[in-house]
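Q: One structure coming up, written as structure tokens, with questions to follow.
The values are calculated or read from the model by the stated rules, or taken from the named source; none is laboratory data. Just so we're clear, the structure is a prediction, and the values are computed from it rather than from any experiment. Glycine also receives a Cβ, built like all others from the backbone with ideal geometry; neighbour counts cover every protein chain displayed.
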Amino acid sequence: PSPPSPSSPHTLDNLPRLRAEAALIFGIRDTHVPDAGRDLIRAKLRESGCVFSWHEFAWAQHAFIRDELSKGRYDPAVTKACFEVLLELFGRVLRTELGEREGEVGGVEHVC
């Protein structure tokens, strides 16, 4: 199949173009992105070969990270955990004092 058009309005169609590691964060009680939608997103990420981490918070609703105009859905504890996820990703991936990245990350060895 041909690669998706850069002009495609669908984010899922453009996942093969993603060249960076991503952290995806969802609230399980988010009615805007139901279970089936999250399952589709995760499947498309895997099909595309994207490098990503996936986080779902049990009681978080839509807009849980917004501390204003969130209609009572703001959750400061979950928001703090989300920021820690992002700080870890940014600190590891964007860190400049570690030098150039050499080669690709190798396969994971299964060790018990």
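Q: Considering only region 30-59, state which residues are in a loop (DSSP other than H, G, I, E, B) and either under 15 Å from Thr79 (Cβ atoms) or out of contact with any His (no Cβ under 8 Å at 6 or more places or on another chain) (or both).
A: Answer for region 30-59, where residues must be in a loop (DSSP other than H, G, I, E, B) and either under 15 Å from Thr79 (Cβ atoms) or out of contact with any His (no Cβ under 8 Å at 6 or more places or on another chain) (or both): Asp30, Pro34, Gly49, Cys50, Val51, Ala58, Trp59.
Q: Something else about it: Return a yes/no flag: does region 71-79 have any residue that is surrounded by 12 or more Cβ atoms within 10 Å (Cβ to Cβ) and among the small types (Gly, Ala, Ser).
A: Checking region 71-79: not a single residue is surrounded by 12 or more Cβ atoms within 10 Å (Cβ to Cβ) and among the small types (Gly, Ala, Ser).
Q: Mind checking which residues of region 7-29 are assigned to a loop (DSSP other than H, G, I, E, B), under 25 Å from Ile65 (Cα atoms) and either in contact with a Cys (Cβ under 7 Å, 6 or more places away or on another chain) or of a type in the set (Ser, Thr, Tyr) (or both)?
A: Leu18
Q: Then there's this: Given the conditions (1) at pLDDT 90 or above; (2) within 30 Å of Gly107 (Cβ to Cβ), and given that Thr79 satisfies all but one, which numbered condition is not satisfied?
A: Against the list (1) at pLDDT 90 or above; (2) within 30 Å of Gly107 (Cβ to Cβ), Thr79 comes up short only on (2).
Q: Working only within region 1-54, note down all residues that are surrounded by 10 or more Cβ atoms within 10 Å (Cβ to Cβ), at pLDDT 85 or above and polar (S, T, N, Q).
A: Within region 1-54, Ser48, Ser53 meet the criteria.
Q: When both residues are 6+ apart or on different chains and their Cβ atoms are under 8 Å apart, which pairs have a first residue that lies in region 80-109 and is within 30 Å of Phe64 (Cβ to Cβ) and part of a helix (DSSP H, G or I), and a second that is among the acidic types (Asp, Glu) and at pLDDT below 70?
A: Within 8 Å, no pair qualifies.
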